[in-house]
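These notes concern the structure reproduced below.
The values are calculated or read from the model by the stated rules, or taken from the named source; none is laboratory data. On a predicted model such as this, the values are computed, not experimentally measured, just so you know. Neighbour counts are summed over all protein chains in view; Cβ atoms, including those assigned to glycine, are modelled from backbone coordinates with ideal geometry. Ligands, DNA and RNA are stripped out before the accessible areas are found, and what is left, the full protein with its side chains, is counted by its heavy atoms. Shrake-Rupley method; radii C 1.70, N 1.55, O 1.52, S 1.80 Å.
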Amino acid sequence: MRTLLGVIAVTLLLVMASKVYADEVTYVDEVSSIINNNCVVCHRQGGIGPMSFESYDQVRPWAPLIQHKISTREMPPYAYDHGIGIQDLQGDWRLAQSDIDAVVDWVRAGSPYGDADIVVQPPNLPDLSEWNFTADLGPPTLVIPSIPIDIPASGNDMWHKHLVPSGVTEDRCIKAVQVKPLGRAAAVVHHANSNIILDGEQQGGMLTEYAMGKWGELVPEGVCRTFPANAQVRWDIHMFPGGVGATAQGEIVKDNVVEIGLWFHEPDYESKYKQDLSLYRLGDQADIVIPPHGYYMTQGFKSFDHPVRIDSWQPHGHLRMNAASLEIFHPATGRTEEISQVSNWSATWHHSHIFAPGAAPLVPTGSVLVMKQWYDNTSDNPNNPDPDMWVVGGSRTGDEMTHNWMAVTHLDDEGYNELIDKRETK
């Protein structure tokens, strides 16, 4: 009898062990695809990530750090709060919770490889010099470069402003736009803004805005961000010698060029409504004074005399800024609507949060955009270079700024009601 019970007990243990093994998360079965689809784009040979994750042998030593970084949502570097406001975004780098849980379970189990007979192939990634929208839209219709600029290894902030011809001979509507510093310049180009100049005058809002880490901008179907014929582009490039962030080289960058890639609609593309990209200030930047080991907050408001749709939102600050939010106050109801919030903002990764067209906030005439930003000048802020300093508003990297970039489609009552009806029907 005891022998029979022993055999049963051993059998049960073997069954349980095989079930645990079958349920175990392995690199082969699940984790490799999560890392290949979300991490290797930066963590590869020649990429901006400080280590490569192109194989199990490269990933395994970093497994505990990977677990920490993704469970705290520091990686992938896309700071946008879950559960607050609109969550339907284009170009959203955030991991699904199920992927985070899988990696955490894998590390806790000892980071097993899995079936040794299976060889995980590295992902087929685009060249590092490739434009972000090429896979979906093909190569840019037009590329507009800046003039070459030499950047020293150290020193004070630099600005370079100049005009370049566009070569555009007829009015075109922009479908997408990306700005890209070439080669080793990514860590030294703080921002690169551009305006359209026609007959010596600026036309509308910005052509585009770039800050470190920005993916690009997509213009929704049915609207036009216009690039007029025979226009010039005025560059305004801010560079920080030595660089900012983990990939800063601290070396001379010779002949630095920044490029704008533009994807245009066909020349006969028609649209009733216009979109522009503009800067919306949160109070007067000159008023910013943040004491050593102190905190600060700014707040701004904007309303329109016509209905609009907010297509994208991008808060902007420098090294002490750590959080931002966007709300809409509706005077007709007294209600405040939460749109977006970022609670772990970093100046080394700027994101234009592009709302999916069916989710982009619709703002009726007279409703008020409420923009807020917070600043932390203490040692608790990991991006703070010196908490003993007084920080004031200004354009240098060590100063602070306070504004939002927003792409706005300008509607009329008919267009606004049409979009409302579509969403209610859906």
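A few remarks follow.
- Residues in the stretch 317-375 that are in contact with a His (Cβ under 8 Å, 6 or more places away or on another chain) and modelled with pLDDT under 95: A347, H350.
- Residues that are part of a strand (DSSP E or B) and without any contact (Cβ under 8 Å) to a residue 24 or more places away in the chain, drawn from the stretch 171-229: E201
- Residue within the stretch 376-399 that is at pLDDT 95 or above, touching a strand residue (DSSP E or B) at 6+ places or on another chain (Cβ under 8 Å) and aromatic (F, W, Y) present: yes
- Subset of the stretch 301-341 that is among the charged types (D, E, K, R) and part of a strand (DSSP E or B) - its residue that is surrounded by the fewest Cβ atoms within 10 Å (Cβ to Cβ): R335
- Hits in the stretch 126-161 - residues which are surrounded by 13 or more Cβ atoms within 10 Å (Cβ to Cβ) and closer than 20 Å to S395 by Cβ: S146, I149, I151, P152, D157, M158, H160
- Among residues that are modelled with pLDDT under 95, of a type in the set (G, A, S) and under 19 Å from N195 (Cβ atoms), G155 is not included.
- Subset of the stretch 377-426 that is among the small types (G, A, S) and under 30 Å from P307 (Cβ atoms) - its residue that is surrounded by the fewest Cβ atoms within 10 Å (Cβ to Cβ): G415
- Qualifying residue in the stretch 355-372 (condition: more than 19 Å from I84 (Cα to Cα), in contact with a Lys or Arg (Cβ under 9 Å, 6 or more places away or on another chain) and not hydrophobic (A, V, I, L, M, F, W, C)): no
- Only one of P122, P77 that is open to solvent by less than 70 Å² (accessible area, probe 1.4 Å) and at pLDDT below 95: P77
- Pick from the stretch 47-74, criterion in a loop (DSSP other than H, G, I, E, B), of a type outside the set (V, I, T) and over 30 Å from P220 (Cα atoms), ranking: modelled with the lowest pLDDT: G47
- Every listed requirement among (1) assigned to a loop (DSSP other than H, G, I, E, B); (2) modelled with pLDDT of 90 or more is met by I144 save one, (1).
- Unique match (being under 22 Å from the mean Cα position of the chain (by Cα) and among the β-branched types (V, I, T)) among V223, V189: V189
- Restricting attention to the stretch 185-244, the residues that are open to solvent by 30 Å² or more (accessible area, probe 1.4 Å) and out of contact with any Asp or Glu (no Cβ under 9 Å at 6 or more places or on another chain) total 13.
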